[in-house]
Each structure stands twice: as C-alpha cells, then as structure tokens.
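See structure below.
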C-alpha cells in the first residue's frame, strides 16, 4: 500500500516520521458532523506542499491488532465496539457515529499511535495523523468522537519495553482530555498537563484546576483552564508560564503531545481566539522542552480541530518545525 506522500518523502534513518493510514478516511458519518474525513484529507493535501528536502518520512504503519488495543482498553469494551460497528450507527453516545468500516479506521489510527511509541523507543520524533481522535476515550468508554485512546497506546508501547520510563503528556486541545486524565490519574510516572477551555461551560465539563490526580498520582496532573474568548497572546503567556512550572517539578524521559487545533479563532466551535502564530510559538516551546529534557524524543498525535483550512495550514507547519528540529543541518535546505 502506497501513498503519494510516502513516495515523495520516503523512509530514511534520522528523519522525523509522520504516520498516516488511508483506512482512517473510512470512518464516515452524517455530512454535517464536525469530525469528518475531510479533516484528514485537508491535512494530507497540505503536506503535499512541504518542501521535498525536508527531513521527514511519511509512513503507513500496520493497523493495530485486537491484542495491542488491550494494552489500554478492556476486552469486553473492544468486543462491544467491534460488534457495534457492524450493527449500529452510534456507540455509547449520539456523537460517536459508526459505519461498517469504522472499526477498521479505529484500528488504523491506533496503529499510527503505536508506531509513534516505537519511534520514541528508537529515540526519534513523530507525528501521528490519528483519526478518529482519542483523548476522551477511557479504558471502557467512548465519548467526544473518540473510541481508542491513542496517547495511552503510545505510552504503553514504550512502557512495554521500558517500564520505568517517565512521560510528560501535553494536551493543548481546547477540550479537556478526560480519558487520559482518568487512565493516568493514579500514576506518578505520567504527568498529564492540559490547557483547555473553562470546564464549567465547555465539554466534557471536567478538568478543573483542583483536579491534580489521586493516590500516588496526586500532583502529577495539571489542568489549566482558559476563559471563553481569551486572546491568543494571553493563552500563549499562560501556556508558557504554566508549562515552565511543570518543567521545574517533573523530569520526563519522553514528551507526548495531544495536538488539537480547535482553540483557533477560525474553528467552528470558536471558543478561544488563537491564530496560527500562537500554535507555532507553542510548538517551538514544546520542541525546546523535548530537547532540554528528553534528548529530543517526542511524539505528537492529532486530536481535535474542525476547520479544514486551519488543519491544512497548521499541521504541515508543525510537522515542518518538528522535522527541522530533528535535523538542524537541514534548515534552509529547500527546493
């Protein structure tokens, strides 16, 4: 199976890897649903405009197996999800639409997530174009368009070989990643940082600042809430300051980024007022954090963002920054 991007940007050692799978386009629902195949199509179209000499490789990974999904999710839940895809139009919520091909798309996206974990084990950098998204999915629950928790799959892929590893998860989607929060709330080797809209007014109505984890994981969750309509400049200031505080208290081996672009002022949800420059500045901060603490090891996984024009611009731009940072000598090398 090939794709024009895989042909234009073939696999080369040392390159930043972008994982994408054509089966992720098979998950289709109502034409007016915000989580639709056009999101991924726009990203892929934008990536075709990346400079050919950029040190990046586009790779189509193997879809996840049922057993691989069990590293995060309960067996009974996965069985119910697979069965529902063949017989139901939704699963556990009216927002979680399904079609006959949805489970194949879910497995394909999970395969991309697992591949990012494998790239981390090889001390690399990666961006997974995961669709449907994943950060709301719990061990046995689907919600918010999410069925499988991709970030957790990346974490567990690394931990299967390096059980003592420490992870910093930075989730900048405008919605709180309640699935990630629940999965790791008792874990003191996984620090979950989320910057999101005010949960008193924004789905999923969780992630208040006093949610700091529980049991031995207390103090290893940081939820930063942003009021509706906040400017991009103010968001970036809060992001930089609060993330700097986390850096002073937690030393990660790996950085994993939940890359949601729905705080953008052009997003249909229109909750915050970020522009492209704010996301790119945040990306630079995260790349520097990975360089400072993780020897550059970082994995980015696509979450929300429902403006196709924003995704077409911003995801390739973030990929470009990540790729250039993995090979500083390639900067300025363009055709």
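Derivation of every value follows stated rules applied to the coordinates shown; laboratory data play no part. For clarity, every value in this text was computed on a predicted model and none was experimentally measured. FYI the Cβ positions are ideal-geometry reconstructions off the backbone, even for glycines, and counts take in every protein chain you see.
So here's what we get for this one:
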{"quantity": "Sites residue 12 and residue 291, calculated FRET efficiency, Cβ-Cβ separation with R0 22 Å, nearest 0.05", "calculated": "0.55"}
{"quantity": "Neighbour-count order for 300, 235, 26, fewest beta carbons within 10 angstrom listed first", "calculated": "26, 235, 300"}
{"quantity": "Structure-derived Cα Rg over 2.2 N^0.38 Å - corresponding label in [x] 0.91; [y] 1.05; [z] 1.28", "calculated": "[x]"}
{"quantity": "Rough spin-label spacing in nm, given labels placed 7 Å along Cα→Cβ, for residue 99 and residue 32", "calculated": "1.8 nm"}
{"quantity": "The chain, relative contact order in percent, only Cα pairs under 8 angstrom and at least six apart counted", "calculated": "20 percent"}
{"quantity": "For the stretch 60-130 and the stretch 192-220, distance of Cα centres in Å", "calculated": "25 Å"}
{"quantity": "Value at 222 nm in deg cm²/dmol, rounded to 500, when DSSP H runs of n ≥ 4 in the chain each add -39,500 (n - 2.57)", "calculated": "-11500 deg cm²/dmol"}
{"quantity": "Two-site label geometry, residue 275 and residue 65: point separation in nm, points 7 Å out along Cα→Cβ", "calculated": "5.0 nm"}
{"quantity": "Long-range Cα-Cα pairs in the stretch 1-114 (distance over 19 Å), rounded percent", "calculated": "53 percent"}
